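Student: One structure is given below, represented as structure tokens, and several questions about it will come after.
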Amino acid sequence: MLVCPGCRTRTEAGLELRTLEPDGDERLACACGKTYDIVRGVPIVTPHPPSLETLDADRHHLAIYLDAHWGDRAEPPPDGPAPTLAVAPFLERIAALPPVADAVELGCSTGRVLAALARRADHAVGVELNAAALAYAHTLLAGGDVPFERKRLGAHFTPAIAHGERTPNVSLVCGDALDPPLVPHAFDRVVALNLIDSVPAPRTLLSVLDGLCAPGGELVLASPYAWSADITPDPAPLDGPDPAAQLRAVLTAGDGLDGRYDLLDDTDLRWTLRRDARSAVTYEVHYVRARKRGGT
Ligand SMILES: C[S@@+](CC[C@H](N)C(=O)[O-])C[C@H]1O[C@@H](n2cnc3c(N)ncnc32)[C@H](O)[C@@H]1O
């Protein structure tokens, strides 16, 4: 169920939300009068929708994430120093998680981790701001193929094709992870991999992730804390020399959150993205899984 991001009002009774209803096949509407287009099968539920002309503009950047998520299902397989599948360490951990009813992933990119989450959930929702990445995810999670241009070297690209994996129990929405059009406290598993250092306000993101998580539910977070001043001018509360320790402290104390969390997993994982046939970038990513206290 999607809610209108412009229509959240806090009253004495709590938070009032308006749900979005289909208005024909190609858009959703809110009782407030706002409408949201469905583009290439994906609802665009953000107050600042991307221009449809620019949807394919960052195709070459997205090729990195097509390989990172679908490289083991791509032809030809990616060459160069990176492993065939960058997200493999995350997929292994997620495959071992207990099943839940409702999962959500913020910043799901081209959707491979979402497919793994959906296998451990009745239903999984993917939220992503990049509409082109989501359009690819939509095709791949319907079991389709996505042709793309993979960087070889310099200005040279070679054609490749990623084969998807049919995953019927997912929904995708183009929206802002800092203001997702989702019902609060509705998810048993809330996931954000490599997103914390991609947003301007990590404090807001942590509070949103916590707000989506049901009592007794869990957060699954990963980040290399590779701050860049352009994207995250203020990394607080993770702004010290050891952000992993700061994140543990925020979660276990429930600092600025609805409640406290108990750590279930806390480790470093290696994440290597292919850049071209001769280069890759490797991050040591802090991976945490934590359960929110409360619930049954
Ligand atoms: C570093 S990539 C990681 C992608 C994926 N989670 C993974 O680990 O492979 C960060 C992703 O978050 C998305 N993103 C950045 N800011 C966002 C926001 N405010 N709301 C939703 N998605 C966002 C980007 O478009 C990108 O797909």
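Student: Yes or no: the stretch 80-103 includes at least one residue that is within 16 Å of the chain's Cα centre (by Cα) and in a strand (DSSP E or B).
Tutor: Yes, the stretch 80-103 contains at least one residue that is within 16 Å of the chain's Cα centre (by Cα) and in a strand (DSSP E or B).
Student: Does the stretch 107-130 contain at least one residue that is within 18 Å of residue 63 (Cβ to Cβ), in contact with a Phe, Trp or Tyr (Cβ under 9 Å, 6 or more places away or on another chain) and hydroxyl-bearing (Ser, Thr, Tyr)?
Tutor: Within the stretch 107-130, one or more residues are within 18 Å of residue 63 (Cβ to Cβ), in contact with a Phe, Trp or Tyr (Cβ under 9 Å, 6 or more places away or on another chain) and hydroxyl-bearing (Ser, Thr, Tyr).
Student: Hey, another quick one. Could you please find all residues in the stretch 263-276 being buried (at least 16 other Cβ atoms within 10 Å of the Cβ) and among the hydrophobic types (A, V, I, L, M, F, W, C)?
Tutor: Selection gives 269, 271, 273.
Student: I've got another one for you. Which of the residues belonging to the stretch 232-257 are part of a loop (DSSP other than H, G, I, E, B), buried (at least 16 other Cβ atoms within 10 Å of the Cβ) and out of contact with any Phe, Trp or Tyr (no Cβ under 9 Å at 6 or more places or on another chain)?
Tutor: Scanning the stretch 232-257 gives 232, 237, 257.
Student: Sticking with this one: Would you mind finding the one in 134, 117, 140 that is near the ligand (Cβ under 10 Å from one of its atoms), of a type outside the set (Ser, Thr, Tyr) and more than 27 Å from residue 14 (Cβ to Cβ)?
Tutor: Exactly one of 134, 117, 140 is near the ligand (Cβ under 10 Å from one of its atoms), of a type outside the set (Ser, Thr, Tyr) and more than 27 Å from residue 14 (Cβ to Cβ), namely 134.
Student: How many residues, within the stretch 64-81, are away from the ligand (no atom under 13 Å from the Cβ) and either loosely packed, with under 15 Cβ neighbours inside 10 Å or touching a residue at least 40 places away in the same chain (Cβ under 8 Å) (or both)?
Tutor: Total satisfying the criteria: 9.
Student: Then there is this: In the stretch 144-165, which residues are touching a helix residue (DSSP H, G or I) at 6+ places or on another chain (Cβ under 7 Å) and of a type in the set (Lys, Arg)?
Tutor: Those that are touching a helix residue (DSSP H, G or I) at 6+ places or on another chain (Cβ under 7 Å) and of a type in the set (Lys, Arg): 150, 151.
Student: Something else about it: Determine if the stretch 91-102 includes at least one residue that is among the aliphatic types (A, V, I, L, M), open to solvent by 20 Å² or more (accessible area, probe 1.4 Å) and touching a helix residue (DSSP H, G or I) at 6+ places or on another chain (Cβ under 8 Å).
Tutor: yes
Student: Please go through (1) open to solvent by 10 Å² or more (accessible area, probe 1.4 Å); (2) part of a loop (DSSP other than H, G, I, E, B); (3) closer than 26 Å to residue 221 by Cα; (4) in contact with a Lys or Arg (Cβ under 8 Å, 6 or more places away or on another chain) for residue 31 and return the number of the only condition it doesn't satisfy.
Tutor: Residue 31 satisfies all of (1) open to solvent by 10 Å² or more (accessible area, probe 1.4 Å); (2) part of a loop (DSSP other than H, G, I, E, B); (3) closer than 26 Å to residue 221 by Cα; (4) in contact with a Lys or Arg (Cβ under 8 Å, 6 or more places away or on another chain) except (3).
Student: Test of understanding: among 89, 98, 47, which residue is touching a residue at least 40 places away in the same chain (Cβ under 8 Å) and either farther than 28 Å from residue 149 by Cα or away from the ligand (no atom under 16 Å from the Cβ) (or both)?
Tutor: Being touching a residue at least 40 places away in the same chain (Cβ under 8 Å) and either farther than 28 Å from residue 149 by Cα or away from the ligand (no atom under 16 Å from the Cβ) (or both) holds for just one of 89, 98, 47, which is 47.
Student: May I ask you to list the residues in the stretch 113-147 that are acidic (Asp, Glu) and open to solvent by less than 50 Å² (accessible area, probe 1.4 Å)?
Tutor: The answer is 128, and nothing else.
Student: If you check residue 122 against the conditions, is it of a type in the set (Asp, Glu), touching a residue at least 40 places away in the same chain (Cβ under 8 Å) and under 25 Å from residue 209 (Cα atoms)?
Tutor: Against the criterion (of a type in the set (Asp, Glu), touching a residue at least 40 places away in the same chain (Cβ under 8 Å) and under 25 Å from residue 209 (Cα atoms)), residue 122 qualifies.
Student: May I ask you to say which residue of 158, 167 is over 19 Å from residue 87 (Cα atoms) and modelled with pLDDT of 95 or more?
Tutor: Working: 167 fails: over 19 Å from residue 87 (Cα atoms).
Among 158, 167, only 158 is over 19 Å from residue 87 (Cα atoms) and modelled with pLDDT of 95 or more.
Student: Hey, among 58, 25, which residue is more than 16 Å from the ligand (Cβ to nearest atom) and farther than 27 Å from residue 291 by Cβ?
Tutor: 25
The values are calculated or read from the model by the stated rules, or taken from the named source; none is laboratory data. Note that the structure is a prediction, hence the values are computed from the model and not measured. Here Cβ is always computed from backbone atoms with ideal geometry, including for glycine, and neighbour counts include all displayed protein chains. Side chains are part of the model used for accessible areas, which takes the heavy atoms of the whole protein and leaves out ligands, DNA and RNA. Shrake-Rupley method; radii C 1.70, N 1.55, O 1.52, S 1.80 Å.
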